[in-house]
Amino acid sequence: MIQPERSTHLNTREVRRSGGFVLYWMQQAQRSEDNHALQYAIQQANRLKLPVVVYLGLVENYPGANLRHYDVMLRGLQETVAVLRSRGMECVLHHGDMLHGVTKAAKDAALVVVDGGYTRIQRQWRQQAAEALDCPLVQIESDVVVPVAHVSPKQEYAARTIRPKLHRLLGEFLLPMKYSDPAGTSLGMDIGLPVFPKTVEGLLSNLKVDRSIGPVAGFAPGSSAALSRLDDFVFTKLETYASDRNDPNLDATSGLSPYLHFGQISPLRVALAAHNSGAAGADAFTEELIVRRELAINYIYYNDSYDRFEALPQWARNTLAKHKHDPREYLYSEAQLLATDTHDPYWNAAQRQMMLTGHMHGYMRMYWGKKLLEWSPTPQAAFATAIRFNDAYHLDGRDPNGYTGVAWCFGLHDRPWKERSIFGTVRYMNDKGLRRKFDADAWVQKVAALEQ
């Protein structure tokens, strides 16, 4: 059974007794395995003796998204759809307005199940659908190990405040899933929407989206690639993760954040793999995967301004306002930043890595954001630039972790430090600190080799 804490009834409609199927609206958890929402839909369908139909909505105006992101999502879905069909579930696609597609797909459904999503647009979609549908809409959280509201009823101040709350609950939720398949098939069922195509090249070529930022060469999307990467990480890198993770030269991180972002792998599967490995670095990795990641989700769940400067803690806004007019030794335009035309070779390399690969090492992401604060005319301008670049270029952009990571550079989930120019009491970082941590010049050369 799915833990009841994962379940939220978004409206009070009665099950449509004349309904011909249970509809699973797959939006955030874009995978066939370790998917609590899918499993709940199957359980309800078997209880009602109905098949399961999977609905996929494709919108072209998702905030901050471009061809780079649609490429990863659609190629990952191509694999997921094939697996779902092998299990007897038809997958239909609506290309256009999300609410229109959901209501059309659910016209003859007994009930609708949707996975949990936390960004502003995801929550708006679910709320609008709950109001529009004339059958139940049940949300099942599958993008976290522990359901967000069950951990805390409020925005948490820092990792140290959410950590004990999460740890107390892990025994209830860090459990492998049990699976069942639908008793009946929906393959070939016509619900008035086209089926998801077997290949997505046509969809990708016809999308009317921003194409100025293209796909990342060499990145393999999808659940199979994610599971392969997880296995490689656990067996070759997790043992030394605690000591090696902050050195970009060592390639010691999991590389799973894009797959987690698109829901192509479950955080529960990743957490269990680390927990059961016995590796020395498992605790340090679990801190990042569960405590830090779910702190980020807590932040955007309880703070609707999460991608705006106004979301920062009051002390951070006050100290940055106090130093807003401090002289800046360097000021760079957005064009200069995009051209990596700054005096700082380490920041330039971080920016190039992001633009080329859709990824930036976590330690460098902190440095990158701090320098934007230092080189922008105002803290507000720096924050907006960081959000815009993060969303546009990172494969895991437009994500709770990304929004929280940017806000951390401006004081979120941190404390006041020694006061200095521009930063006030917000934590400062400089290139000397990089060189103390690792061979920063060797890393610059490593990034430069990506362009050759």
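What follows is calculated from the coordinates using simple rules that are stated; it is not laboratory data. Note that the structure is predicted; figures quoted are calculated from it, not measured. Cβ: placed from backbone, ideal geometry, glycine included. Neighbour counts: every protein chain shown.
Odds and ends about this structure:
- Of interest is the spacing of the C-alpha centroids, which for segment 135-172 and segment 242-273 amounts to 20 Å.
- Spin-label model distance (nm) - His325 vs Asp231, 7 Å beyond Cα toward Cβ: 6.2
- Cβ-to-Cβ counts within 10 Å put His261, His325 in ascending order as His325, His261, the fewest first.
- Placing a label point 7 Å from the Cα of Glu334 along the Cα-to-Cβ direction, the residues of segment 393-418 with a backbone N closer than 16 Å are 393-394.
- Of every Cα-Cα pair in segment 361-422, the percent that sits beyond 20 Å: 20
- Rounded to whole Å, the principal axis extents of the Cα atoms in segment 269-410 read 52, 34, 24, largest first.
- Whole-angstrom gap from segment 60-84 to segment 359-402, using each part's C-alpha centre: 23
- Under 5 Å between amide hydrogens, built in the peptide plane, is the criterion, and for Arg427 it picks out Trp417 among residues at least 5 positions away or on other chains.
- Tensor-based shape of segment 400-452 (alpha-carbon gyration tensor, a/c under 1.5 rounded, otherwise prolate or oblate): oblate
- Relative to the current alpha-carbon distance between Leu356 and Asn430, full extension at 0.36 nm per residue lengthens the span by 24.3 nm.
- Rounded to 5, the percent of DSSP beta bridges in segment 1-142 classed as antiparallel: 15
- Rounded, prolate or oblate (a/c below 1.5 giving rounded, otherwise prolate when a/b exceeds b/c) for segment 343-394 by Cα gyration tensor: oblate
- 25 °C / 0.890 mPa s Stokes-Einstein diffusion coefficient of segment 1-142, Kirkwood radius on C-alpha pairs, µm²/s: 162
- Rel. contact order, % - alpha carbon contacts under 8 angstrom, at least six apart, segment 309-450: 32
- When only the Cβ of Lys, Arg, Asp and Glu is charged (+1, +1, -1, -1), the dipole of the chain relative to its Cα centre reaches about 760 debye.
- When each of the peptides 372-381, 387-396 is scored by how many other beta carbons lie within 10 Å of its residues on average, the order from highest to lowest is 387-396, 372-381.
- The length gained on full extension between His167 and Thr240, counted as 0.36 nm times the residue separation minus their Cα-Cα distance, comes to 24.0 nm.
- Temperature 20 °C, viscosity 1.002 mPa s: under these conditions the Stokes-Einstein estimate for segment 141-235, based on its Kirkwood radius over C-alpha pairs, is 113 µm² per second.
- Bridge type composition, the chain - antiparallel percent by DSSP, nearest 5: 20
- Straightening the chain between Glu5 and Val59 buys 16.4 nm, computed as 0.36 nm per residue apart minus the Cα-Cα spacing.
- One quarter of the surface of the convex hull around the alpha-carbon atoms of the chain equals 21.1 nm², the direction-averaged projected area.
- Remark: relative contact order (the chain) = 18 percent; criterion is Cα-Cα distance under 8 angstrom and separation of 6 or more residues.
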